[in-house]
1. If each residue's Cβ is checked for other Cβ atoms within 10 Å, how do B:S80, A:S53, A:S84, B:S114 rank with the fewest at the top?
2. Distance in nm between label sites at B:S110 and B:N65, each 7 Å beyond Cα in the beta-carbon direction?
3. Measure up A:K65/A:K119; A:K56/B:K144; A:K36/A:K65; A:K36/A:K119; B:K39/B:K116 against 20 Å on the Cα-Cα distance and list the ones that go over.
4. Separation between the B:C79 and B:I24 pseudo-spin-labels, each 7 Å from Cα along Cα→Cβ, expressed in nm?
5. Show me, for the stretch B:80-95, the HN-Hα J-couplings you get by feeding each phi into the Karplus relation (A = 6.51, B = -1.76, C = 1.60, θ = phi - 60°), rounded to Hz, glycine and proline as x.
6. Rank these for me by crowding, B:L117, B:L13, going from fewest to most other beta carbons within 10 Å.
7. In peptide A:97-108, what is the residue-averaged number of other protein chain Cβ atoms found within 10 Å of each Cβ?
8. Compute the distance from the alpha-carbon center of the stretch A:81-125 to that of the stretch B:61-122, in whole Å.
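Where a number appears in this text, it was derived from the coordinates with a stated rule and is not lab data. No experiment lies behind these values; they were computed from the predicted model shown. Positions of Cβ are backbone-derived with ideal geometry, glycine not excepted, and every protein chain shown enters the neighbour counts.
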Amino acid sequence: MPRDNPSVEEVKAPVVTFKDHAGYVLVESDEELERKFRLLADQWRRETRYISSLSKMSMHSAYQKIVGMGKPAIPLILRELQKSGGHWLWALHVITDEDPAPVDADFDEAVSAWLNWGKRNHFIE
Amino acid sequence: MPREEIERDFPNLRTSQWTITSPIADIPNCIGWALHDNKQFWDPSVVGVRGYYWPPGVPRVWNLNNIRRVFEIHGYELCSDAELETGFEKIAVYVDEEGVPTHATFQKESGEWSSKLGVWEDIEHTRVDSLESHAYGTVAFIMKRKRV
């Protein structure tokens, strides 16, 4: 017989976690993480727009903070790359310790390789 | 990006003619642009991430000597001024206060300079010093090669 007043534990939304093929634990999208990512990504784009050196772009404090978010930032970075482009390959490489691009890939080819990697590993659709 | 915003960051543009010549793009960067390679972002990519181009034989460090070497292996040699010379193509490299390269631009046959501003637009400007600024510092050297 159903009860009228379920306990707090029963109504609490479950935290959905699962592992992708690479073994990373994905947590249901977090609003705060996305908000923080958006602010940092916008700041990074604004403050590095005239820079032509990848090292200088990547060493920007906002970019480093995104890298510091670690694995939870992977889907956010991939979605940003998918939607707006940008020099996110360095961050993806450092966070994942992978590089799915062919050795002699140009930038567009490397971006495609990373987006395919993200799809294969269920980070993005 | 609005013209006013570019002029705010490069105030010398306000006193010369200049135009935006293409939209914002992640590639190329200014080095690729100056060497007429519109497909690649020329960078030593010191952490080894793929997708960036750096010519073989040039040390993988972003400094003035190595940027000069990149242009040398493409037929450029140092010259004394930025004046238009018939039959020659010129490039200029800018450095910040610490001597770190910030930008490269090339001179068109018309005498105008063409610059890709980082990952933003490319522009044409009449004077090489139009981009001297807090962002790009000053011109460090000019090089030239025979126009093909």
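1. Fewest-to-most Cβ neighbours within 10 Å comes out as B:S80, A:S84, B:S114, A:S53.
2. Label at B:S110, label at B:N65, 3.9 nm between them.
3. As for pairs spanning more than 20 Å Cα to Cα, those are A:K65/A:K119; A:K56/B:K144; A:K36/A:K119.
4. 3.5
5. Whole-Hz 3J(HN,Hα) from phi for the stretch B:80-95: 8, 8, 9, 5, 5, 10, 4, x, 10, 10, 10, 10, 10, 10, 9, 9.
6. B:L13, B:L117
7. The shielding value for this peptide is 4.
8. Taking the Cα centre of the stretch B:61-122 as reference, the centre of the stretch A:81-125 is 31 Å away.
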